[in-house]
1. Within the set of pairs 6+ apart or on separate chains, which have a first residue in the range 36-53 that is over 11 Å from residue 65 (Cα atoms), a second that is open to solvent by 90 Å² or more (accessible area, probe 1.4 Å), and C-beta atoms under 6 Å apart?
2. Would you check if residue 10 is free of Cβ contacts under 8 Å to residues at least 60 places away in the same chain and over 11 Å from the mean Cα position of the chain (by Cα)?
3. Return a yes/no flag: does the range 55-68 have any residue that is open to solvent by 90 Å² or more (accessible area, probe 1.4 Å) and in a strand (DSSP E or B).
4. Name the single residue, out of those in the range 11-49 being part of a loop (DSSP other than H, G, I, E, B) and under 12 Å from residue 60 (Cα atoms), that is most open to solvent (accessible area, probe 1.4 Å).
Amino acid sequence: MKPISEAHVAQPGLAVVDVAACDEQTAFAVQELLAGRWATASADRTTRVPGEPGVRLRCYLDVRQDLDSQP
């Protein structure tokens, strides 16, 4: 995965979440749960790291925007 950019964590409330899961379905399910709660820049694919088990997925959150409280 690429290094985390300073812009992605430049302010309080911004976060980068790296998900490691056994398969793509699980990784995307975790991302969907996060996206249901906060504003999320979602990934559209997973990656595999040679020699490591499972898949990886990175998404970017803005936890300042609580979607549950919006009409």
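1. Going by the 6 Å Cβ cut-off, the qualifying pairs are 46/24.
2. In short, yes.
3. Yes, there is a match, as at least one residue in the range 55-68 is open to solvent by 90 Å² or more (accessible area, probe 1.4 Å) and in a strand (DSSP E or B).
4. The residue in question is 42.
The values are calculated or read from the model by the stated rules, or taken from the named source; none is laboratory data. Since we're looking at a predicted model, the values are computed, not measured. When we count neighbours, we look across all protein chains shown, and the Cβ atoms used for this are built from the backbone with ideal geometry, even at glycine. To get the accessible areas, we keep the full protein, side chains included, count just its heavy atoms, and leave off ligands, DNA and RNA. Shrake-Rupley method; radii C 1.70, N 1.55, O 1.52, S 1.80 Å.
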